[in-house]
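Visitor: The structure under discussion is supplied below as structure tokens; questions concerning it will follow.
Just so it is clear, none of the values below were taken in a lab; they were calculated from the coordinates. None of the values given here were measured: they were computed from a predicted structure. Cβ sites come from the backbone with ideal geometry, for glycine too, and all protein chains shown count toward neighbours.
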């Protein structure tokens with residue numbers, strides 16, 4: 001069964017939203033270990049930038065593999 005564009009986008013959004021939470025939590029723990037101390041707002045902005053890129057990557061790869069199927 002093929003996956004619609006809408007379901008591909010939904011899957012990508014859910015995947016990336018969960019990843020965003022994990023990434024921000026990881027930054028809060030790991031950055032201080034390496035001596036990086038930034039404000040929470042900056043942590044959230046960095047996470048958001050990578051999240052947008054991840055969402056695009058995830059959606060485009062899903063559509064590519066759907067096309068190759």
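Visitor: With surrounded by 14 or more Cβ atoms within 10 Å (Cβ to Cβ) and either in contact with a helix residue (DSSP H, G or I) (Cβ under 7 Å, 6 or more places away or on another chain) or without any contact (Cβ under 8 Å) to a residue 24 or more places away in the chain (or both) as the only criterion, which of 30, 16, 36 stands out?
Guide: Answer to the selection: 16.
Visitor: From 2, 69, 57, which residue is touching a residue at least 60 places away in the same chain (Cβ under 8 Å) and out of contact with any helix residue (DSSP H, G or I) (no Cβ under 8 Å at 6 or more places or on another chain)?
Guide: Only one candidate passes the filter, namely 69.
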